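Asks: Shown below is the structure under consideration.
Computed from the coordinates by the stated procedures, all read-outs in this text should not be read as laboratory data. From a predicted model like this one, the values you see are computed outputs, not experimental measurements. Cβ placement follows ideal geometry from the backbone for every residue including glycine, while neighbour counts extend to all protein chains displayed.
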Amino acid sequence: MDWTLSIDRNRDALLRVLAVLLTMVGGGGAALPRHVRSAVFGVLRPAESALRRLIVIYKLVKGIEARVPDAPETRASGVAIPRGQGAVVPAFPLFDRRKYFSQNTPLRYARIEPRITVIGVDEPVSTAVIQVTPDDLIDAGQMYRRLQALQNALEDLPKQARRLARWQAKRDAAAVGTRAYRPMRPGRPPGHRARQVHPVDAVLSDCHELALYALHDPPVP
């Protein structure tokens, strides 16, 4: 199998998907209409899952390893550490969001309004119902930062693979009994859709299968 070709093909496909999402968001304003924000999230989640699997594949194909870094030197007290200016772009998350299963059955309550009696008023008093429309403006700052993190990771896969290698080195050097997580959660990846309705769904399916194959039979760098 030509792993390099597979990596480049899926990376280019994710870059095209990202370009469409950035066009939908525009200049990264603080608010977007509700229907635009929902549409972007519907593509962003599977794109992030596909990139996480692409990073796993890249690390295995390139044979990237790392060692546990030495403990940093203690800084002298009273020394000010300069901080950068401007907005901070978060690091791309290397791990799928975990599934949590609760054994407790959630209680179901009847949807009734509180009964309020006011002296001298015959009509029932109830709270006003908030109307939700697709054109409501919703804060999109967090979503735009996630798009920036996705873009930075796509532009530098080797850096993300080294991050993953450092984490695995720390996990291997940790004490016995610590909970060891993997970048890919068991089962279907986040954002998976049984019916592929967007090009990103095919990219996620391809990256997921390739990552499972690479983990089962690691390629020789």
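Asks: Taking every eigenvalue of the Cα gyration tensor of segment 134-209, multiplying by 5 and rooting it, what semi-axes result, largest first, whole Å?
Replies: Output for segment 134-209: semi-axes of 29, 19, 15 Å.
Asks: Pairs to check: K59/K170; K59/K99; K62/K99. Give those whose C-alpha atoms are more than 22 Å from each other in this structure.
Replies: Flagged as over cut-off: K59/K99; K62/K99.
Asks: Quick one: order D96, D135 by neighbouring beta-carbon count within 10 Å, fewest to most.
Replies: Least to most surrounded, the residues fall as D135, D96.
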